[in-house]
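Visitor: Structure below; questions to follow.
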Amino acid sequence: MAESRYMTINMGPQHPATHGVLRLLLELDGEIVVKAEPHIGYLHRGVEKLSESLTYPQALTMTDRLDYTSALSNNLAYCLAVEKLLDINVPKRAQYLRVLFAELQRIAAHLLWVATHALDLGAMTVLFYAFRERETILEALELVTGARLTPSFVRIGGLAGDIPDTFLPRVKNFVEDFPKRVDDYETLLTENIIWKKRTKNIAPMSGEECINYGVTGPVLRASGVYYDVRKAYPYSSYEDFDFEIPLGKHGDVYDRYLVRLKEMRQSNRIVKQAMEKLPEGPIAAFDALQVVPPAKEEVGRDISALIRHFKIMQEGFRPPCGEVYASVESSKGELGFYIISDGSNKPFRMKIRPPSFVNLGALPKMIEGQMVADVVAAIGSIDIVLGEIDR
Amino acid sequence: MAGDLLKGKFPEAILNIEEFRRETSITVDPGKIREVMAFLKESEGLFYDLLLDLAGVDFEGCSPRFMIAYLLHSTKFNKKLRIKARVAEGVPMDTVSDIWKSADWMEREVYDMFGIKFNNHPDLKRILLTDDFVGHPLRKDFPVEGPDFGQPFNVCLEEER
């Protein structure tokens, strides 16, 4: 009978290798995947709807909860969009610190990725090493922002505060040390024969296919397409930094792994440069009086500053009517915010362009015709975060 | 540049071209969306090959009620362009999912959140919400706290009876 030839199995939503609550409906012919259909939305919280009822400064906290492995990048993307709408310029020191934070978050997110991806494929040791380094970054970020997961530290017009004196020496130690650590991961995986057999020629995508499916980030670059928002549309002074965009050739799981490892090394370079070149100056556009609340010391001294602080926190501000799109290169791909303002203190519409959502749309294309055991490798190689897909 | 080319090619379909914060938005006739999009993708001088985003917007009280905004990027010329089309309530839109595969899920999301239907979409069904969900939450007349907020649970009602 024709219909008994294929077996339908359900992978997830509770499955350790689906990195959250992703459910895959797989149709199998023996061990070959004939058809795959991702089911998403288990983590849907209505972030876009909720943002429409929050003022601009309040809506910032929503962005932490999208891609929770790199919350500072999300904050940055949102703030860039609102700043574009308001047409305000952020001081250089704040821009450099934003770059520093964003790149540290990228390293932390990629470390989490390499750890869990290797674990999925049976290489457990990497996890212990990668989590050690990730912990160092999270502790350093916690020192500045006070939070490990939901910092909300990048604010509209600048940053929430300056860095403490102990932060830079910590990061310096890490940056000096980190290239050797990446070498360590590479000795465990890059030439490992089992790792190569599990990842080479698995779930390949050509450059044209990636573009057609809207895929961005390391997955796109592993297929040899040179597109990185940091280079294509430089934001937050990325044009001041010297770094390369690693590219792959075959667009398979192995190349995606290589691209991400090389990206960590490049991010490390950027962090180093940001520390060396870090200018002195204010950490927010304090001259934008309607938008940026006054610094804490001033609030305690001056009654008018106190009132202004209160008003901005309570009522927010009213940007001009219009629509803008601003994006950053997050660890997963292009993260964009499309904001429409109707002149009120709340966004009329805030559309998030989550990289994981679009990248996951290419998963069926990747795994159809592949072995069922490679589905895990393919999911891992896209590096999805369900908080961002489901919003 | 893209605006002039489009105006030359489709004089009737281009309704408005605006510039805000160095971003170009072109409003087109929704009936001509497929021709315009195919031209933007394939034309030599434009080559907008990457569909980055597709957003629905509800302008409740305006006519036509909805807007769909397509954000395009050209990997060759490193340029972005926004195409907008206004659609009335209950009127289906033509799909672009055969031009860009990425539009498949994006159009499903717009259908899920706004209830705008797309003609010839390969698999138009809800994507983030459950199949039995009633209503389209990103419409402005959908309450933020949900339509059943404050309503007693059915179980409680049976006990009272």
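The values are calculated or read from the model by the stated rules, or taken from the named source; none is laboratory data. Given the structure is predicted, the values throughout are model-derived calculations rather than measurements. In this analysis, Cβ positions are derived from the backbone assuming ideal geometry, glycine residues included, and neighbour counts consider all displayed protein chains.
Visitor: Looking at B:49, B:4, which is the one that is within 12 Å of another protein chain (Cβ to nearest Cβ) and either more than 28 Å from residue A:347 (Cβ to Cβ) or without any contact (Cβ under 8 Å) to a residue 60 or more places away in the chain (or both)?
Guide: None of the other options fit; the residue is B:49.
Visitor: Which one of the conditions (1) over 28 Å from residue A:209 (Cβ atoms); (2) surrounded by fewer than 19 Cβ atoms within 10 Å (Cβ to Cβ) does residue B:57 fail to meet, given that it meets all the rest?
Guide: (2)
Visitor: Out of curiosity, is residue A:271 closer than 25 Å to residue A:92 by Cα, of a type in the set (Val, Ile, Thr), modelled with pLDDT under 90 and assigned to a helix (DSSP H, G or I)?
Guide: No; evaluated as a whole, the condition is false for this residue.
Visitor: Further question: Have a look at A:170, A:98 and point out the one that is among the basic types (Lys, Arg), crowded, with 24+ Cβ neighbours inside 10 Å and either within 30 Å of residue A:292 (Cβ to Cβ) or in contact with a Lys or Arg (Cβ under 9 Å, 6 or more places away or on another chain) (or both).
Guide: Exactly one residue qualifies, and that residue is A:98.
Visitor: Residue under question is residue A:326, and the condition is that it be in contact with a helix residue (DSSP H, G or I) (Cβ under 8 Å, 6 or more places away or on another chain), of a type outside the set (Asp, Glu), closer than 30 Å to residue A:267 by Cα and at the interface with another protein chain (Cβ under 10 Å from one of its Cβ atoms); does it hold?
Guide: When the stated conditions are applied, residue A:326 passes them.
Visitor: Given the residues A:16, A:57, which is the only one that is more than 12 Å from every other protein chain (Cβ to nearest Cβ), surrounded by fewer than 17 Cβ atoms within 10 Å (Cβ to Cβ) and within 22 Å of the chain's Cα centre (by Cα)?
Guide: A:16
Visitor: Name, by its number, the condition in (1) surrounded by fewer than 10 Cβ atoms within 10 Å (Cβ to Cβ); (2) modelled with pLDDT of 90 or more that does not hold for residue B:137.
Guide: Every condition holds for residue B:137 apart from (1).
Visitor: If you don't mind, another one. Give the residue that is nearest to the other protein chains (Cβ to nearest Cβ), with candidates limited to residues of segment A:212-250 that are assigned to a loop (DSSP other than H, G, I, E, B) and among the small types (Gly, Ala, Ser).
Guide: My answer is A:214.
Visitor: Look through B:144, B:91 and report the one residue that is more than 13 Å from chain A (Cβ to nearest Cβ) and outside any strand (DSSP E or B).
Guide: Working: B:144 fails: more than 13 Å from chain A (Cβ to nearest Cβ).
Answer to the selection: B:91.
Visitor: If you take the residues of segment B:22-46 that are crowded, with 17+ Cβ neighbours inside 10 Å and part of a strand (DSSP E or B), which of them is farthest from the other protein chains (Cβ to nearest Cβ)?
Guide: B:28
Visitor: Hey, does segment A:58-79 have a residue that's over 26 Å from residue A:257 (Cα atoms) and among the basic types (Lys, Arg)?
Guide: Looking through segment A:58-79, none of the residues is over 26 Å from residue A:257 (Cα atoms) and among the basic types (Lys, Arg).
Visitor: Being farther than 26 Å from residue A:350 by Cβ, touching a residue at least 40 places away in the same chain (Cβ under 8 Å) and either away from chain B (no Cβ under 14 Å) or part of a loop (DSSP other than H, G, I, E, B) (or both) narrows it down to one of A:72, A:100, A:149, so name that one.
Guide: Going through A:72, A:100, A:149 in turn, the sole match is A:100.
Visitor: So, in segment A:329-365, how many residues would count as being crowded, with 18+ Cβ neighbours inside 10 Å, away from chain B (no Cβ under 12 Å) and not in a strand (DSSP E or B)?
Guide: 3
Visitor: Tell me which residues, restricted to segment A:203-233, are of a type in the set (Asp, Glu) and either free of Cβ contacts under 8 Å to residues at least 24 places away in the same chain or over 14 Å from residue A:364 (Cα atoms) (or both). Let's see the steps before the verdict.
Guide: Within segment A:203-233, the first condition is being of a type in the set (Asp, Glu), and the residues that meet it are A:208-209, A:228.
Passing the criteria: A:208, A:228.
Visitor: Would you check if residue A:369 is touching a strand residue (DSSP E or B) at 6+ places or on another chain (Cβ under 7 Å) and either surrounded by fewer than 17 Cβ atoms within 10 Å (Cβ to Cβ) or farther than 30 Å from residue A:217 by Cα (or both)?
Guide: Numbers: touching a strand residue (DSSP E or B) at 6+ places or on another chain (Cβ under 7 Å): yes; either surrounded by fewer than 17 Cβ atoms within 10 Å (Cβ to Cβ) or farther than 30 Å from residue A:217 by Cα (or both): yes.
Yes; evaluated as a whole, the condition is true for this residue.
Visitor: Hey, another quick one. Do you know which residues across segment B:102-124 are within 12 Å of another protein chain (Cβ to nearest Cβ), within 15 Å of the chain's Cα centre (by Cα) and assigned to a loop (DSSP other than H, G, I, E, B)?
Guide: B:102
Visitor: Taking the conditions exactly as written (within 14 Å of chain B (Cβ to nearest Cβ), assigned to a helix (DSSP H, G or I) and not acidic (Asp, Glu)), does residue A:35 satisfy them or not?
Guide: So residue A:35 fails the test.
Visitor: Restricting the first residue to segment A:39-54 and requiring it to be closer than 10 Å to residue B:137 by Cβ and at the interface with another protein chain (Cβ under 9 Å from one of its Cβ atoms), which pairs with a second residue that is at pLDDT 90 or above and buried (at least 17 other Cβ atoms within 10 Å of the Cβ) meet a Cβ separation below 6 Å and a spacing of at least six or different chains?
Guide: Final answer for the pair search is A:44/B:128; A:48/A:350; A:49/B:137; A:49/B:138.
Visitor: Does segment B:55-66 hold any residues that are more than 9 Å from chain A (Cβ to nearest Cβ) and in contact with a Phe, Trp or Tyr (Cβ under 8 Å, 6 or more places away or on another chain), and which are they? Give the derivation first.
Guide: Residues of segment B:55-66 more than 9 Å from chain A (Cβ to nearest Cβ): B:60-66.
Within segment B:55-66, B:65, B:66 qualify.
Visitor: When you go through A:81, A:94, A:17, A:77 one by one, which is the residue that is hydrophobic (A, V, I, L, M, F, W, C), part of a helix (DSSP H, G or I) and modelled with pLDDT under 90? Let's see the steps before the verdict.
Guide: Working: A:81 fails: modelled with pLDDT under 90; A:94 fails: modelled with pLDDT under 90; A:77 fails: modelled with pLDDT under 90.
On inspection, the qualifying residue turns out to be A:17.
Visitor: Hey, another quick one. Quick test for you: out of A:43, A:25, pick the one residue that is closer than 18 Å to residue A:149 by Cα and surrounded by fewer than 19 Cβ atoms within 10 Å (Cβ to Cβ). Quick ask: steps written out before the conclusion?
Guide: Details: A:25 fails: closer than 18 Å to residue A:149 by Cα.
It is A:43.
Visitor: Given (1) under 28 Å from residue A:105 (Cβ atoms); (2) of a type outside the set (Ser, Thr, Tyr); (3) modelled with pLDDT under 90, identify the lone condition not met by residue A:326.
Guide: (3)
Visitor: Restricting to segment A:188-211, name every residue that is within 14 Å of another protein chain (Cβ to nearest Cβ) and in a loop (DSSP other than H, G, I, E, B).
Guide: Step one: filter segment A:188-211 for residues within 14 Å of another protein chain (Cβ to nearest Cβ), giving A:205-211.
The answer is A:205, A:206.
Visitor: Does residue B:66 satisfy the criteria of being crowded, with 17+ Cβ neighbours inside 10 Å, aromatic (Phe, Trp, Tyr) and closer than 25 Å to residue A:211 by Cβ?
Guide: It is false that residue B:66 is crowded, with 17+ Cβ neighbours inside 10 Å, aromatic (Phe, Trp, Tyr) and closer than 25 Å to residue A:211 by Cβ.
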